[in-house]
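Novice: Mind having a look at this structure? Questions to follow.
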Amino acid sequence: MTTLINLAGEQKSQAVTDWAARIGWVVGLLLFVALLYWLMREGWKWRGTLQGDLPELPAVPGEPGEPLLEMAGRYHGSTTAGQWLDRIVAQGLGTRSRAELTLTEQGVTVVRPGAQDFLIPAGALRGARLEKGIAGKVLTEGGLLVLTWQHGERTIDSGFRSDRAAEHPAWVEAVNKHHNRTTEGAR
């Protein structure tokens, strides 16, 4: 009987761990995650290559003019107009960042720390509206200011969110009014 008790005690004290198998699984999992990140990066680069026909973005002028409206917030990205999941990554338009928007008679200046600043010329503006999402960002209804503009042969939707979402309706009204004045003046 004593021998059985001693054998039972020895079995409890010896934990069976197959360290080689555990290390193999962890290394395999890390390699799988690294492969996924590499594939995502390659897909991003490939999308940029496919959109290589997109012209350079207009630079922000040194003297943009008298501000009609200003907004600080976030730039969430750009898509092909009307296709909220078709992200545009060429020319730095895929880089999310903080942003400061200023509406002037020349158009909308977009200043982004850490990313390329650009101007949406007044003649290129097609309108503004409130949406709930753009590629990679979904908010509550009307939580995103979307500016539609023409760049080269492509019509683009760019999504912005103000630090104070109550500013969005004023931007929609001002941009649409500005667009209407510009198109009537061109006729």
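Novice: When the residues of region 120-130 are narrowed to those that are within 13 Å of TRP171 (Cα to Cα) and out of contact with any His (no Cβ under 6 Å at 6 or more places or on another chain), which ends up surrounded by the fewest Cβ atoms within 10 Å (Cβ to Cβ)?
Specialist: ARG129
Novice: Going residue by residue through region 65-78, is there one that turns out to be touching a strand residue (DSSP E or B) at 6+ places or on another chain (Cβ under 8 Å), surrounded by fewer than 16 Cβ atoms within 10 Å (Cβ to Cβ) and on the phi > 0 side of the Ramachandran plot?
Specialist: Yes, the conditions are met somewhere in region 65-78.
Novice: I've got another one for you. Quick one: which strands (runs of 3 or more DSSP E) lie wholly within region 77-183 and hold at least 2 residues that are aliphatic (A, V, I, L, M)? Walk me through how you get there before you give the answer.
Specialist: On the way: elements: 97-104, 107-111, 118-121, 125-131, 144-151, 154-162.
Where strands (runs of 3 or more DSSP E) fall fully within region 77-183 and carry at least 2 residues being aliphatic (A, V, I, L, M), they are 97-104, 107-111, 118-121, 125-131, 144-151.
Residues are listed down the side, and each one gets a yes or a no for (1) at positive phi; (2) touching a strand residue (DSSP E or B) at 6+ places or on another chain (Cβ under 7 Å); (3) assigned by TED's automatic domain parsing to the domain that holds THR80:
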| site | (1), (2), (3) |
| --- | --- |
| LEU101 | no, yes, yes |
| LEU130 | no, yes, yes |
| GLY136 | yes, yes, yes |
| LEU145 | no, yes, yes |
| GLU153 | no, no, yes |
| ARG164 | no, no, yes |
| HIS168 | no, yes, yes |
| ALA174 | no, yes, yes |
| ASN180 | no, no, yes |
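Novice: Would you mind telling me which numbered condition in (1) in contact with an Asp or Glu (Cβ under 8 Å, 6 or more places away or on another chain); (2) assigned by TED's automatic domain parsing to the domain that holds LYS132 VAL60 fails?
Specialist: The one condition VAL60 does not meet is (2).
Novice: Also: Might you check whether a residue that is surrounded by fewer than 19 Cβ atoms within 10 Å (Cβ to Cβ), in contact (Cβ under 8 Å) with a residue 12 or more places away in the chain, touching a Pro at 6+ places or on another chain (Cβ under 8 Å) and not hydrophobic (A, V, I, L, M, F, W, C) occurs anywhere in region 132-140?
Specialist: Scanning region 132-140 turns up no residue that is surrounded by fewer than 19 Cβ atoms within 10 Å (Cβ to Cβ), in contact (Cβ under 8 Å) with a residue 12 or more places away in the chain, touching a Pro at 6+ places or on another chain (Cβ under 8 Å) and not hydrophobic (A, V, I, L, M, F, W, C).
Novice: In this structure, is ARG47 at pLDDT 90 or above and among the basic types (Lys, Arg)?
Specialist: no
Novice: A further question on this structure: I'm trying to understand the selection: among the residues of region 140-154, which are touching a Gly at 6+ places or on another chain (Cβ under 6 Å) and hydrophobic (A, V, I, L, M, F, W, C)?
Specialist: To start, the set of residues in region 140-154 that are touching a Gly at 6+ places or on another chain (Cβ under 6 Å) comprises 144, 146, 148.
Answer for region 140-154, where residues must be touching a Gly at 6+ places or on another chain (Cβ under 6 Å) and hydrophobic (A, V, I, L, M, F, W, C): LEU144, VAL146.
The values are calculated or read from the model by the stated rules, or taken from the named source; none is laboratory data. Small disclaimer: the values here were computed from a predicted structure and weren't measured. Positions of Cβ are backbone-derived with ideal geometry, glycine not excepted, and every protein chain shown enters the neighbour counts.
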